[in-house]
1. State the number of residues belonging to segment 55-67 that are buried (at least 24 other Cβ atoms within 10 Å of the Cβ) and under 18 Å from HIS139 (Cα atoms).
2. Sort out which residues of segment 122-131 are out of contact with any strand residue (DSSP E or B) (no Cβ under 7 Å at 6 or more places or on another chain) and either within 17 Å of ILE49 (Cβ to Cβ) or open to solvent by 60 Å² or more (accessible area, probe 1.4 Å) (or both), and write them in order of number.
3. Tally time: how many residues in segment 85-103 are among the aliphatic types (A, V, I, L, M) and either closer than 19 Å to VAL148 by Cα or open to solvent by less than 10 Å² (accessible area, probe 1.4 Å) (or both)?
4. Can you name the residue in segment 31-49 that is closer than 25 Å to HIS152 by Cβ and surrounded by fewer than 16 Cβ atoms within 10 Å (Cβ to Cβ) and is also modelled with the highest pLDDT among such residues?
5. Return the pairs, sorted by first residue and then second, in which the second residue is basic (Lys, Arg) and surrounded by fewer than 21 Cβ atoms within 10 Å (Cβ to Cβ), the first residue lies in segment 100-127 and is without any contact (Cβ under 8 Å) to a residue 24 or more places away in the chain, the beta carbons are less than 8 Å apart, and the residues are 6+ apart or on different chains.
6. When you scan segment 145-153, do you find a residue that is open to solvent by less than 60 Å² (accessible area, probe 1.4 Å), on the phi > 0 side of the Ramachandran plot, of a type outside the set (A, V, I, L, M) and under 16 Å from the mean Cα position of the chain (by Cα), even just one?
7. Would you be able to tell me the number of residues in segment 156-168 that are of a type in the set (A, V, I, L, M) and in contact (Cβ under 8 Å) with a residue 40 or more places away in the chain?
8. Can THR52 be described as of a type in the set (Ser, Thr, Tyr), crowded, with 21+ Cβ neighbours inside 10 Å and at pLDDT 95 or above?
Amino acid sequence: MSRLWYARVMMRGLLFLSLALGSACSSGTDVAAAPIAGKEAMATPYVAIQETLARDSIDGLAQLSARVVTAAEPVQGQAGVAEVIAGAGRVAVQDIDTARLAFSKMSMGLITYLKQHAEERADLEVVFCPMAFNNKGAHWVQKTGEIVNPYHGMMMLHCGDKVPWEKAPG
């Protein structure tokens, strides 16, 4: 128990430090810094991260990842949430390739969680890009509609195949 508590405390400390540093070094992006009133679903800041990476940007990732962790706290212990938190702790970096790799971990956790909570996946879908990570492939969750690939960004923005929730991994 104490190890898990220590890991959570350290993760939150690192995220809030990243948040503070990110705010000081921010380019003025206001999407990530939006005030939160009440409970926020994990998918809300997660989708903002997905859309940011799809634009080949890392602006605001520290703030968004902190929001993911805060939103995940009430549901800790449920399937997939630990992976979401771990990925969120690594997505706030200055290297977009590392951020994308961490995002893939978050994605697998969120897919696992949302498969168990159908009521939270309204207007969300799973997409798979077979060419991500040197053709190993990777899944993500996005708003329903046109495919917006966070792994290849603007270079291959619409690359991917939609996957029915019941056939998604997790």
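The values are calculated or read from the model by the stated rules, or taken from the named source; none is laboratory data. Quantities reported herein were computed from a predicted structural model and do not represent experimental measurements. Cβ placement follows ideal geometry from the backbone for every residue including glycine, while neighbour counts extend to all protein chains displayed. SASA here: full protein model, heavy atoms, side chains in, ligands and nucleic acids out. Shrake-Rupley method; radii C 1.70, N 1.55, O 1.52, S 1.80 Å.
1. The qualifying residues number 0.
2. Residues of segment 122-131 that are out of contact with any strand residue (DSSP E or B) (no Cβ under 7 Å at 6 or more places or on another chain), as a first pass: 122, 130-131.
Answer for segment 122-131, where residues must be out of contact with any strand residue (DSSP E or B) (no Cβ under 7 Å at 6 or more places or on another chain) and either within 17 Å of ILE49 (Cβ to Cβ) or open to solvent by 60 Å² or more (accessible area, probe 1.4 Å) (or both): ALA122, MET131.
3. At the first step, the residues of segment 85-103 found to be among the aliphatic types (A, V, I, L, M) are 85-86, 88, 91-93, 96, 99, 101-102.
Remaining after also requiring either closer than 19 Å to VAL148 by Cα or open to solvent by less than 10 Å² (accessible area, probe 1.4 Å) (or both): 88, 91, 96, 99, 101-102.
Looking only at that region, the number is 6.
4. Taking segment 31-49 as the starting set, the residues that turn out to be closer than 25 Å to HIS152 by Cβ are 31-32, 42-49.
Filter again for surrounded by fewer than 16 Cβ atoms within 10 Å (Cβ to Cβ), leaving 31, 44.
Values: VAL31: 42, THR44: 96.
The qualifying residue modelled with the highest pLDDT is THR44.
5. ALA102/ARG90; LYS105/ARG90; ASP123/LYS143
6. Taking segment 145-153 and keeping what is open to solvent by less than 60 Å² (accessible area, probe 1.4 Å), we get 145, 147-153.
The next check asks that each one be on the phi > 0 side of the Ramachandran plot; those that pass are 145, 153.
Okay, now just the ones that are also of a type outside the set (A, V, I, L, M), so 145, 153.
Narrowing further to those that are under 16 Å from the mean Cα position of the chain (by Cα): 153.
The answer is yes, given that some residue of segment 145-153 is open to solvent by less than 60 Å² (accessible area, probe 1.4 Å), on the phi > 0 side of the Ramachandran plot, of a type outside the set (A, V, I, L, M) and under 16 Å from the mean Cα position of the chain (by Cα).
7. 2
8. On the way: of a type in the set (Ser, Thr, Tyr): yes; crowded, with 21+ Cβ neighbours inside 10 Å: yes; at pLDDT 95 or above: yes.
Here the answer is yes, as THR52 does meet what is asked.
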